[in-house]
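This report refers to the structure that appears directly beneath it.
The values are calculated or read from the model by the stated rules, or taken from the named source; none is laboratory data. Owing to the predicted nature of the structure, the values given are computational and were not obtained by experimental measurement. Glycine gets a Cβ as well: all are built from the backbone with ideal geometry, and neighbour counts include every protein chain shown. To get the accessible areas, we keep the full protein, side chains included, count just its heavy atoms, and leave off ligands, DNA and RNA. Shrake-Rupley method; radii C 1.70, N 1.55, O 1.52, S 1.80 Å.
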Amino acid sequence: GYLPYDKIREINNMLEKFPAYKSNYTDSVYNSLLGEANFLRAFYYLGMVKRYGGVPIIDSVQSPTADSATLAVPRATESDCYTFIQSDLQFAMDNMGASSELGRANKFVAAALMSRAMLYAATIAKYGSYTTSSPDPAAQKGYVGIPASEAQSFFTAAYNAADFFDTQNSPYELVGENIDASAKEQNYVDLFLNDNSKENIFIRQYSTASN
């Protein structure tokens with residue numbers, strides 16, 4: 001039941017209309033907001049492709065009065081979905097700032113999601129031959145499964161995104177200042193309870209009031 005196309009429509013609408021308001025922002029804020037929008041679209045698409053394989057890629061606002069053939073966007077291949085996610089996250093990495101308020105993404109959060117997503121794609125390609133060789137129509141059309149020949153490029157993208165943390169001076173790190181056993185135990189506790197822990201790359205916040 002995870003089909004957040006309503007959220008994706010809102011993002012596409014923002015991406016199309018936001019340039020008209022560029023003069024209201026500094027270049028850095030404008031680019032960062034565009035990057036955040038691309039990050040969010042990638043986040044939603046990754047949630048779908050993990051569950052279903054290839055899904056329809058909607059990258060523009062659809063008109064409800066368009067003809068049915070235009071609105072009935074077919075499923076993309078699983079590979080194309082991951083490539084689309086890669087493009088959005090690369091844009092986010094290139095345009096977002098290095099820091100953000102709690103619960104919102106920045107370029108390092110985008111890099112972390114990029115590394116995870118590309119690793120998903122690479123391992124599906126390398127170890128999923130049982131899927132791509134299946135006679136099932138969905139597998140034959142590439143809706144599920146990724147050709148093994150694409151594994152290396154996805155592995156490389158995952159590695160480059162992880163390396164981004166070192167080359168761009170990421171503020172995130174494993175918390176290891178304390179070496180005695182009791183401190184290590186506290187470090188583990190803080191991972192779940194301390195919002196300001198340096199290990200927290202991306203916190204998805206919840207509000208009982210909004211639920």
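Among the residues of segment 1-15, just one is hydroxyl-bearing (Ser, Thr, Tyr) and either within 14 Å of Ile57 (Cα to Cα) or surrounded by 15 or more Cβ atoms within 10 Å (Cβ to Cβ) (or both), namely Tyr5.
Checked against the criterion of being open to solvent by 10 Å² or more (accessible area, probe 1.4 Å) and either without any contact (Cβ under 8 Å) to a residue 24 or more places away in the chain or within 24 Å of Arg51 (Cα to Cα) (or both), the candidates Asp166, Asp88 yield just one match: Asp166. Looking across segment 52-74, the residues that are of a type in the set (S, T, N, Q) and part of a loop (DSSP other than H, G, I, E, B) come down to Ser60, Gln62, Ser63, Thr65. Considering Ala66, Ala139, the condition of being farther than 16 Å from Tyr45 by Cα, surrounded by 14 or more Cβ atoms within 10 Å (Cβ to Cβ) and aliphatic (A, V, I, L, M) is satisfied by Ala139 alone.
If you go through segment 124-148 and keep only what is without any contact (Cβ under 8 Å) to a residue 24 or more places away in the chain and part of a helix (DSSP H, G or I), you end up with Tyr127, Ser129, Tyr130, Thr131, Thr132, Pro137, Ala139, Gln140, Ala148. Within segment 199-211, the set of residues being touching a Gly at 6+ places or on another chain (Cβ under 8 Å) and open to solvent by less than 100 Å² (accessible area, probe 1.4 Å) comprises Ile203 only. Count, please, the residues in segment 16-51 that happen to be open to solvent by less than 40 Å² (accessible area, probe 1.4 Å) and either within 23 Å of Arg75 (Cβ to Cβ) or not in a helix (DSSP H, G or I) (or both). The total comes to 8.
Test Asn196 against the criterion of being part of a helix (DSSP H, G or I), under 26 Å from Gly97 (Cβ atoms), open to solvent by 70 Å² or more (accessible area, probe 1.4 Å) and not aliphatic (A, V, I, L, M), and give yes or no. No. Only one of the numbered conditions (1) open to solvent by 70 Å² or more (accessible area, probe 1.4 Å); (2) among the charged types (D, E, K, R); (3) within 30 Å of Tyr52 (Cβ to Cβ) is violated by Lys107, and that is (1).
Taken over segment 110-129, the criterion of being closer than 18 Å to Lys50 by Cβ and either at pLDDT below 95 or open to solvent by 10 Å² or more (accessible area, probe 1.4 Å) (or both) is satisfied by Ala112, Leu113, Ser115, Arg116, Leu119, Tyr120, Thr123, Ile124, Lys126, Tyr127, Gly128. Tell me the residue from Ala151, Ala122, Ala138, Ala157 that is of a type outside the set (D, E, K, R) and either in contact with a Phe, Trp or Tyr (Cβ under 6 Å, 6 or more places away or on another chain) or closer than 16 Å to Phe202 by Cβ (or both), please. Exactly one residue qualifies, and that residue is Ala122.
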